[in-house]
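Data block below; observations after.
The values are calculated or read from the model by the stated rules, or taken from the named source; none is laboratory data. As the structure is a computational prediction, the values presented were derived from the model and not from experiment. Methodologically, a virtual Cβ is constructed for each residue, glycine included, from the backbone with ideal geometry; neighbour enumeration extends over all protein chains shown. Heavy atoms of the whole protein, side chains included, go into the accessibility calculation; ligands, DNA and RNA do not. Shrake-Rupley method; radii C 1.70, N 1.55, O 1.52, S 1.80 Å.
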Amino acid sequence: MKATHILTVVAASTAAFYLQAKEKPATPPAAAATEITIDIRQPKPDPKPEGDAPLVQLAILLDTSGSMEGLIDQARTQLWKIVNEFNTAKQGGKAPVVQVALYEYGKSSLNAEDKWIRQIQPFTRDLDRISEDLFALHTNGGEEYCGAVIRKATHDLAWDANPKVYKAIFIAGNEPFDQGPVNPLTSCREASARGIVVNTIHCGDERVGIATHWKEGAMVTDGRFLVIDQDKAVVHIKAPQDEVIVKLSIELNKTYIGYGKAAPQAKMRQEAQDTNSAAPAAAAAGASVQRALSKASANYDNKGWDLVDAAKDKKFDVSKVTEDQLPAELKGKSAEERQTFIAAKSAERDALQKQIQTLNKEREAYIAAQNKAQASDGKDTLDTAVAKAVREQAGKVGVVWSK
């Protein structure tokens, strides 16, 4: 069956928010609700960063066949932590802009003509949308063609040609790497020729991953062969600062000034992903804290619907925004009054973000002390596996991390 890629948002309140694919209907909440249909069949990639900001491009390719529910759960809860790896990074003295693309492969409800592969999102900075898509994923049986999905990601995504851009594919799964009609080593070589590192993540025993050729795929591009336990609970050490950090994250939402047709849906999406990350299982894995840290960073960017982020671009002119695109609090205001209002919200946001960042330094010190007292079982989850790779590989193109 061919996936429809039409999503329905049902919202009665921030807490009563559900997102599901049309191909998997669910019972809506009993409260009065508003239903909004969103067509995402042709998502558009983000433009290149403004000016000379350095760029990082990460393509995540997830096996969504029947045995991979644990992998999807880890991706849902650890998206924020993966992006946060670059919060303290610099290249040429500037913080890099992180773009993320997302694919699923190996699910029998996908299109056979596309070799059971779907591009969920092209490169984007809209992390709320990536999170939304991850929570909408479900698994079922299928054929897992690693070579085909690597080739598709290599050729279809808007990879930057600059050799200083860290470009990486992370493909995760558990079936033999060489299944399907496309030779995966050929696909990896094609990626390498475009400066893309392919990291393979085998979900299961390391010896099985080597025997089924996952390691070979990584070696072709000087990538890393990583092994994870997809069913392992992500380790999150609860710190005294966590609760305040999450509360400040919710306060940040009040500083967003929606404009344009996309704003109502985007605002609901923001609130929904706060709710998703605060759900018991996700919060236990640290998702709510990591999401808060993302929202306090430059990589949480919503200039497509938020006037505060949009105004950071020197080319943006708020006086050119038409009345029908403005929120109620700015209708009828002069250009100067609009700018004053935006500046006040921007200052409020900066203050909240700085509070989160300060608390996180205290939190990190607490966690470091706790880690010394706890022994690790040595088994990686998705977040720790990706972190090992990005720090090593991005360093080769001049990305450095503050201590």
- Item | Within a Gaussian network of the chain (alpha carbon springs, distance under 10 Å), most fluctuating of Ile245, Ile150, Ile367 | Ile367
- Message: Straight-line reach only, C-alpha to C-alpha below 15 angstrom: list the aspartates and glutamates that Lys90 could link to, leaving out same-chain residues fewer than 8 apart.
- Response: Asp52, Glu392
- Query: For the range 262-403, which whole-number percentage of the solvent-accessible area (1.4 Å probe, protein heavy atoms only) is attributable to carbon and sulfur atoms?
  - Reply: 55 percent
- Message: For Lys261, give me every one of the lysines with a C-alpha distance below 19 angstrom, ignoring sequence neighbours fewer than eight places off in its own chain.
- Response: Lys44, Lys303, Lys320, Lys331
- Item | Computed lengthening from Ala347 to Lys333, 0.36 nm per intervening residue step minus Cα-Cα distance | 3.1 nm
- Message: Going by amide H atoms built from the backbone, whose H comes under 5 Å of the H on Asp380, apart from near neighbours?
- Response: Asp229
- Query: Between (i) -0.27, -1.42; (ii) -0.24, -1.56; (iii) -0.29, -1.91, which matches log10 I(q)/I(0) by the Debye sum over Cα atoms at q = 0.06, 0.15 Å⁻¹ calculated for the structure shown?
  - Reply: (ii)
- Reported to the nearest 10 Å², Trp401 has, with a 1.4 Å probe, an accessible area equal to 50 Å²
- Task: Give the long-range amide H neighbours of Gly260: residues separated by 5 or more places, or on another chain, with amide H under 5 Å away, using H modelled in the peptide plane at 1.01 Å from N.
- Result: Leu326
- Note on the structure: Per GNM of the chain with C-alpha springs under 10 angstrom, the most fluctuating residue out of Asp242, Asp52, Asp383 is Asp52
- Task: Report the extension gain between Ala136 and Glu69 in nm, rounded to one decimal, defined as 0.36 nm multiplied by the number of residues separating them, less their alpha carbon distance.
- Result: 22.9 nm
- Note on the structure: Largest-first ranking of Val397, Val98 by accessible area, probe 1.4 Å, whole protein assembly kept, is Val397, Val98
- Query: Residue-wise, which Karplus ³J(HN,Hα) couplings in Hz belong to the range 151-165, taking 6.51 cos²θ - 1.76 cosθ + 1.60, θ = phi - 60°, and x for glycine or proline?
  - Reply: 4, 4, 5, 5, 8, 8, 7, 8, 5, 6, 7, 5, x, 7, 7
- Query: Could you give the distance between the Cα centres of the range 256-300 and the range 325-353, to the whole Å?
  - Reply: 21 Å
- Message: Rounded to the nearest 10 Å², what accessible area does His155 have for a 1.4 Å probe in the complete protein model?
- Response: 100 Å²
- Taking Lys and Arg as +1 and Asp and Glu as -1, residues besides Thr381 with C-beta under 9 Å from its C-beta add up to -1
- Note on the range 134-173: C-alpha Rg/Rh, Kirkwood Rh, two decimals, gives 1.06
- Task: Apply 1/(1 + (r/R0)^6) to the Cβ-Cβ distance of His155 and Asp205, taking R0 = 35 Å, and write down the FRET efficiency to the nearest 0.05.
- Result: 0.65
- If you plug each phi of the range 216-230 into the Karplus form 6.51 cos²θ - 1.76 cosθ + 1.60 with θ = phi - 60°, what whole-Hz ³J(HN,Hα) values come out, in order, with x for Gly and Pro? 4, x, 5, 5, 4, 10, 6, x, 10, 8, 10, 10, 10, 9, 5
- Note on the structure: the range 240-254 and the range 73-120 have their Cα centres apart by a whole-number Å value of 25 Å
- Message: Let me check against my output: what whole-number percent is the relative contact order of the chain, with C-alpha pairs under 8 Å and at least 6 apart?
- Response: 18 percent
- Could you give me the ³J(HN,Hα) list for the range 328-333, computed from phi with Karplus coefficients 6.51, -1.76, 1.60 and θ = phi - 60°, whole Hz, x at Gly and Pro? 4, 5, 10, 5, x, 8
- Message: Could you report the range 177-275's accessible area per residue, 1.4 Å probe, as an integer in Å²?
- Response: 45 Å²
- Item | Taking the range 146-227 and dividing mean pair separation by its residue count, relative contact order in percent (alpha carbons under 8 Å, at least six apart) | 33 percent
